Amino acid sequence: MRAAASILNLLLLSLLAGLDPSKTQISPKEGWQVYSSAQDPDGRCICTVVAPEQNLCSRDAKSRQLRQLLEKVQNMSQSIEVLNLRTQRDFQYVLKMETQMKGLKAKFRQIEDDRKTLMTKHFQELKEKMDELLPLIPVLEQYKTDAKLITQFKEEIRNLSTVLTGIQEEIGAYDYDELHQRVLSLETRLRDCMKKLTCGKLMKITGPITVKISGTRFGAWMTDPLASEKNNRVWYMDSYTNNKIVREYKSIADFVSGAESRTYNLPFKWAGTNHVVYNGSLYFNKYQSNIIIKYSFDTGRVLAQRSLEYAGFHNVYPYTWGGFSDIDLMADEIGLWAVYATNQNAGNIVISQLNQDTLEVLKSWSTGYPKRSAGESFMICGTLYVTNSHLTGAKVYYSYSTKTSTYEYTDIPFHNQYFHISMLDYNARDRALYAWNNGHQVLFNVTLFHVIKTEDDT
């Protein structure tokens, strides 16, 4: 009962504080600014949106909140009336019991004084009856206190109802159907906004989360960024050479437990660890060549193959760790990419966007970063991010935007927990980096920065 009275006081103070004009002033914003992270430590996706605020919406929301509060107060008043009737009834009953208990207690004392004259059996029965009644004494005292509190509570409810009614009259009546339409419109705008959150600039890398320990020091594991939410298949390719076996798991849980669902025997050996699964097909570099293979998991057949013109292969232009990592295939929000180096570009990195069906090069960008000085690289939203090493102390050191054809040097560290990274690829669906770290399959979370312009921005 005391808790109910305290809650009522808090509601009243909160309402009056919320209606203070000095606390309702909102500064306009130029646009939407959003920080988005792949997932939190609990595996959940996080997206924080700071949107332009509207004074009118705030006022309407406060009016709706007021009406809801009034309804709650009315419901509370009815509940208090019921409680009061029940309490008064019980109170009369307890008063009668109090009189009986006092008389019984007096008789018990008298009997106890002269207990030697009574039979032991009768005395024990009487004592047990008294022991049963003694706990009711504190209950009686509590009923007296609660009865006073209920009376005070009823009075406060009446006062609050009067205050809230007055406030509602001052604010005026609103068309709540119109307000509901505004809310629906806002939800639509927010959905449109979230659709624009597919791309952003890399700001931070956290983790890793160790998923499994398996295989050799070198390898690749991946999921399909274009798969549906219910399709969480994992593909596993151990080693960087002399292997044609791809293992499939229905889920991350099956992957961790080692419960394979299917095994594929590719028609060719692969080179390196920089493969990618994209829209149901595996893309990999054929061993001892600059040929890219597209292999369908559904049909078990090669759907396309094409030579990547002038691309170095077989440890001509690998990453710093070697391992025939000359040609790196990757995917992001925009599509399918190949990262490699050529003699024509003096061994510096070349970025090519590929047609996912024919493997034809759609467009290429020549950078000035030496391929042999790169530890690994990955694409996010059309920007290539390059690490400076595959060993301890590695960080994202260089980025190149295919949208603007410009580069910049960056300083984004990440924790190379197991000292040797031989595969680092971004998954747009999971907003995470998949890595093979010295026989450990790990995940890194990424934080992207977005700036979203409203329709009114120029």
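The values are calculated or read from the model by the stated rules, or taken from the named source; none is laboratory data. Everything quoted here is computed from the prediction, not taken from an experiment. Don't worry about glycine lacking a Cβ; one is built from the backbone with ideal geometry, like all the others, and counts go over all protein chains shown. Please note that ligands, DNA and RNA were not included when accessible areas were found on the heavy atoms of the full protein model with its side chains. Shrake-Rupley method; radii C 1.70, N 1.55, O 1.52, S 1.80 Å.
Okay, here's what the table says:
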| read-out | value |
| --- | --- |
| Entries of Lys204/Lys403; Lys201/Lys403; Lys269/Lys294; Lys244/Lys286; Lys201/Lys395 with Cα pairs more than 18 Å apart | Lys204/Lys403 |
| Solvent accessible area, Å² - Asp411, 1.4 Å probe, full protein context | 100 Å² |
| Surrounding net charge for Tyr426, when Lys and Arg each add one and Asp and Glu each subtract one, Cβ distance under 12 Å | -4 |
| Gyration tensor (alpha-carbon) shape descriptor, the stretch 221-323, a/c threshold 1.5 | prolate |
| From phi via Karplus (6.51, -1.76, 1.60), per-residue ³J(HN,Hα) for the stretch 211-216 in Hz, x at Gly/Pro | 8, 7, 10, 6, x, 7 |
| For the stretch 312-323, 3J(HN,Hα) per residue [Karplus equation, 6.51 cos²θ - 1.76 cosθ + 1.60, θ = phi - 60°, Hz, x = Gly/Pro] | x, 8, 6, 6, 7, 10, x, 6, 4, 8, x, x |
| Surrounding net charge for Trp235, when Lys and Arg each add one and Asp and Glu each subtract one, Cβ distance under 9 Å | 0 |
| Nonlocal amide H pairs with Ala304, under 5 Å, H built at 1.01 Å | Lys294 |
| For Tyr398, residues with placed amide H under 5 Å, excluding near neighbours | Val386, Thr410 |
| Phi-based couplings in Hz for the stretch 261-273 (Karplus 6.51, -1.76, 1.60; Gly and Pro marked x) | 9, 6, 10, 10, 10, 5, x, 9, 6, 9, 10, x, 10 |
| For peptides 304-313, 374-383, sequence by mean Cβ density within 10 Å, most packed first | 374-383, 304-313 |
| Solvent exposure ordering (accessible area, 1.4 Å, most first) of Ile334, Ile213, Ile291 | Ile213, Ile334, Ile291 |
| Qualifying trypsin sites (Lys or Arg not before Pro) in the stretch 350-436, DSSP loop, other Cβ atoms within 10 Å at most 13 | Lys403 |
